[in-house]
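Inspection log for the structure reproduced underneath, given as structure tokens.
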Amino acid sequence: MNRRYSSRSPIETGIRLRCGNCGQGKLFRAYLKFKDECDICGQSFSVADTADGPAFFVGFLALIVFTPAFVIAGILPETTTGFVISMTIMSIICLGVILLLLPPFKGVLFNLQIHHRAEEGKFSSFGEHGVVPENCKRNTPPRPDQLPKS
Ligand SMILES: [Zn+2]
């Protein structure tokens with residue numbers, strides 16, 4: 001596997017739905033399903049997981065953009081039929097935009113994880129009561145009984 005990282009931005013390659021490592025291979029095999037690995041460079045696509053991140057960002061973006069549009073579309077029609085038609089049209093547009101934005105957002109978040117080699121946090125030890133864990137000893141201030149006596 002080629003571990004050379006692309007000089008391209010992970011945001012640019014994510015928007016284009018391309019591999020964050022080489023910038024050429026396709027990320028998805030289906031609508032929001034990643035391939036197992038890149039066809040071009042062999043980068044494994046199982047090393048990162050975007051979880052609910054894309055849905056969170058796209059949902060809040062849609063909330064910010066479409067809330068005023070829904071309010072206006074709800075106020076302007078003078079008849080019930082006009083209200084139902086405007087709400088139906090707004091709902092279809094909102095759903096379409098959300099479905100259109102999910103793959104690029106997922107690609108960008110995934111490529112950012114690959115680019116920064118993000119992974120789950122790991123503890124070397126959880127420590128015991130009164131004993132500082134190994135991974136926390138470097139930045140621990142000295143206890144009063146460890147201070148030099150003057
Ligand atoms: Zn690749």
ask   = Is at least one residue of segment 13-27 away from the ligand (no atom under 14 Å from the Cβ) and surrounded by fewer than 16 Cβ atoms within 10 Å (Cβ to Cβ)?
value = yes
query = Among (1) out of contact with any strand residue (DSSP E or B) (no Cβ under 8 Å at 6 or more places or on another chain); (2) in contact (Cβ under 8 Å) with a residue 40 or more places away in the chain; (3) part of a helix (DSSP H, G or I), which single condition is Gly59 missing?
reply = (2)
task = Taking Val47 as the residue in question, decide whether it is of a type in the set (Val, Ile, Thr), modelled with pLDDT under 90 and either under 17 Å from the mean Cα position of the chain (by Cα) or more than 9 Å from the ligand (Cβ to nearest atom) (or both).
result = yes
request  = Scan segment 104-127 for residues that are at pLDDT 70 or above and surrounded by fewer than 10 Cβ atoms within 10 Å (Cβ to Cβ) and jot them down.
outcome  = Arg117, Glu120, Gly121, Lys122
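The values are calculated or read from the model by the stated rules, or taken from the named source; none is laboratory data. These figures come from a predicted structure and were not determined experimentally. Please note: Cβ atoms are built from the backbone with ideal geometry, for glycine as well, and neighbour counts cover all protein chains shown.
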